[in-house]
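Contents: one structure, followed by commentary.
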Amino acid sequence: MTSELELAALASDVAREAGELARRRREEGVHLAATKSTLADIVTEADREVEELIRARLREARPGDGFLGEESDAADGETGITWIVDPIDGTVNYAYGIPAYCVSIAAVRGDAVPLRWEALTAAVFAPAAGELFTASRGHGAWLGERPLAVTTESPAGALLATGFGYDPSTHDGDLATVRRVMTMARDLRRAGSAALDLAYVAAGRLDGYFERGLKSWDLAAGALLVSEAGGTVSLLDEDSVRPMLIAGGAAVHGRLNEILGQET
Ligand code: IPD
Ligand code: CA
């Protein structure tokens, strides 16, 4: 029986190695490989190479586990554990040379369905900042050696983050959501990486985060970071095409839930 801490050590090592590769490739110059769902939805050669590296390392260490990554085909495993991987979250930042990008790796047990899974371990590594965020079920969330905790108070209003999908037809709706949420905000950030947004909620650098239409690999590691840092993460409209993820400390999460729960 594998312990969460063994999985955590593997996730951290692989996230660091993969992040260093992404950083090196960025220095050498970014090459666009393709566009995906829309023109704005890009994949670079580095996204693919970094995912290949992560997949190979996980396969070597744990050949029986499943794999679900942004840039390659999913594979079922036989251990009940699935690795959920975003090789570069914040690809548009990466392509433009903005340092807010990261490698996101999580291991979950059970169905690989967002938040219905049992999240076991998470590692989010931001190579440009040299920051490694980790969490394991029941063992807390950490930035390097420092334990993390979500904020519990935001007297001047909550510092919130969000993101927008790549499909321009969703922008009006998302901007209407922003307008409603601003009633509880001191300010809003759109930094360009869902995994880092969630890591920052865990670290108390943001009070809360909301976004529609995230994929499993955008949120798997970050959601465990937030819950292990004492926060709450949930999905509204779970069965819709674009469920709404909400994360924060209890008070901010509750308020977001109230405001966003009235939308549909
Ligand atoms: C995107 C980023 C972005 C979020 C998008 C994601 P990618 O992931 O996390 O912040 O707003 O919804 O698709 O394409 O950079 O891996
Ligand atoms: Ca992503």
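State all residues of segment 68-81 that are under 16 Å from the mean Cα position of the chain (by Cα) and modelled with pLDDT of 95 or more; if no residue qualifies, say none. Selection gives 68, 69.
Entry remark, segment 74-98: residues being of a type in the set (Val, Ile, Thr) and either within 13 Å of ligand 2 (Cβ to nearest atom) or part of a helix (DSSP H, G or I) (or both) number 5 in total.
Every residue, every condition in (1) outside any loop (DSSP other than H, G, I, E, B); (2) at negative phi; (3) free of Cβ contacts under 8 Å to residues at least 12 places away in the same chain, yes or no:
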residue: 100; (1), (2), (3): no, yes, no
residue: 120; (1), (2), (3): yes, yes, no
residue: 153; (1), (2), (3): no, yes, no
residue: 176; (1), (2), (3): yes, yes, yes
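One residue stands out among those in segment 203-221 that are near ligand 1 (Cβ under 8 Å from one of its atoms) and not small (Gly, Ala, Ser): the one that is farthest from the chain's Cα centre (by Cα), which is 211.
Answer yes or no: is there a residue in segment 131-140 that is assigned to a loop (DSSP other than H, G, I, E, B), among the basic types (Lys, Arg), more than 13 Å from the chain's Cα centre (by Cα) and near ligand 1 (Cβ under 10 Å from one of its atoms). No, segment 131-140 contains no residue that is assigned to a loop (DSSP other than H, G, I, E, B), among the basic types (Lys, Arg), more than 13 Å from the chain's Cα centre (by Cα) and near ligand 1 (Cβ under 10 Å from one of its atoms).
All of 62, 57, 25 fail the test of being open to solvent by 70 Å² or more (accessible area, probe 1.4 Å) and assigned by TED's automatic domain parsing to the domain that holds residue 103, apart from 57.
Yes or no: segment 37-44 includes at least one residue that is more than 12 Å from ligand 2 (Cβ to nearest atom), at pLDDT 95 or above and small (Gly, Ala, Ser). No, segment 37-44 has no match at all.
Could you say whether any residue in segment 105-113 is aliphatic (A, V, I, L, M), in the same structural domain as residue 142 (by TED's automatic domain parsing) and closer than 23 Å to residue 170 by Cβ? There is at least one residue in segment 105-113 that is aliphatic (A, V, I, L, M), in the same structural domain as residue 142 (by TED's automatic domain parsing) and closer than 23 Å to residue 170 by Cβ. Looking at 108, 85, just one residue is open to solvent by less than 10 Å² (accessible area, probe 1.4 Å), over 12 Å from the mean Cα position of the chain (by Cα) and touching a residue at least 60 places away in the same chain (Cβ under 8 Å), and that residue is 108.
Here's the yes/no breakdown for (1) more than 16 Å from ligand 2 (Cβ to nearest atom); (2) open to solvent by 40 Å² or more (accessible area, probe 1.4 Å); (3) in contact with an Asp or Glu (Cβ under 6 Å, 6 or more places away or on another chain); (4) outside the structural domain of residue 41 (by TED's automatic domain parsing):
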site: 164; (1), (2), (3), (4): no, yes, yes, yes
site: 188; (1), (2), (3), (4): yes, yes, no, yes
site: 211; (1), (2), (3), (4): no, no, no, yes
site: 214; (1), (2), (3), (4): no, no, no, yes
site: 223; (1), (2), (3), (4): no, no, no, yes
site: 233; (1), (2), (3), (4): yes, no, no, yes
site: 245; (1), (2), (3), (4): no, no, yes, yes
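Within segment 9-29, is there a residue that is within 13 Å of ligand 1 (Cβ to nearest atom), modelled with pLDDT of 95 or more, closer than 18 Å to residue 220 by Cα and among the small types (Gly, Ala, Ser)? No, segment 9-29 contains no residue that is within 13 Å of ligand 1 (Cβ to nearest atom), modelled with pLDDT of 95 or more, closer than 18 Å to residue 220 by Cα and among the small types (Gly, Ala, Ser). Kindly indicate the residue of segment 142-153 that is under 16 Å from residue 230 (Cβ atoms) and open to solvent by 40 Å² or more (accessible area, probe 1.4 Å) and also modelled with the lowest pLDDT among those meeting that condition. Checked segment 142-153; the qualifying residue modelled with the lowest pLDDT is 153. Criterion first (surrounded by 14 or more Cβ atoms within 10 Å (Cβ to Cβ) and among the polar types (S, T, N, Q)) does residue 79 satisfy it? The answer is no for residue 79.
The values are calculated or read from the model by the stated rules, or taken from the named source; none is laboratory data. These numbers were taken from a predicted model, which means no experiment stands behind them. Positions of Cβ are generated from backbone atoms using ideal geometry, with glycine treated the same way; all protein chains shown enter the neighbour counts. Please note that ligands, DNA and RNA were not included when accessible areas were found on the heavy atoms of the full protein model with its side chains. Shrake-Rupley method; radii C 1.70, N 1.55, O 1.52, S 1.80 Å.
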